[in-house]
Amino acid sequence: MIACPHATTHRARMDQETSELITRVIARAPQWLRHDLSSKDLNARGRAEETLAAMIADALSHGSLQDQEG
């Protein structure tokens with residue numbers, strides 16, 4: 001296998017883009033989600049964690065936030 005001389009640069013850019021995408025998802029999280037993430041109620045916190053994970057996974061699979069397209 002031949003290594004791409006720019007692989008490190010591409011990886012760093014992708015890591016930066018991924019990090020920025022996740023940051024935008026978290027910044028746009030609704031208030032109820034933020035509240036439940038800090039909850040002492042394990043069920044509420046668990047639902048919030050699953051919801052946030054799904055939001056991040058969706059954004060990563062589409063490469064952007066859906067709201068920005070429209």
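The values are calculated or read from the model by the stated rules, or taken from the named source; none is laboratory data. None of the values given here were measured: they were computed from a predicted structure. Neighbour counts run over all protein chains shown; Cβ positions are idealised from the backbone, glycine included. Surface accessibility is based on the protein's heavy atoms, side chains included, excluding ligands, DNA and RNA. Shrake-Rupley method; radii C 1.70, N 1.55, O 1.52, S 1.80 Å.
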- If you take the residues of region 21-53 that are without any contact (Cβ under 8 Å) to a residue 12 or more places away in the chain, open to solvent by less than 60 Å² (accessible area, probe 1.4 Å) and touching a helix residue (DSSP H, G or I) at 6+ places or on another chain (Cβ under 8 Å), which of them is nearest to GLY63 (Cα to Cα)? ALA44
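State all residues of region 22-59 that are of a type in the set (Ser, Thr, Tyr) and outside any helix (DSSP H, G or I); if no residue qualifies, say none. Lay out the reasoning, then the answer.
Step one: list which residues in region 22-59 are of a type in the set (Ser, Thr, Tyr), which gives 23, 38-39, 51.
Within region 22-59, SER38, SER39 meet the criteria.
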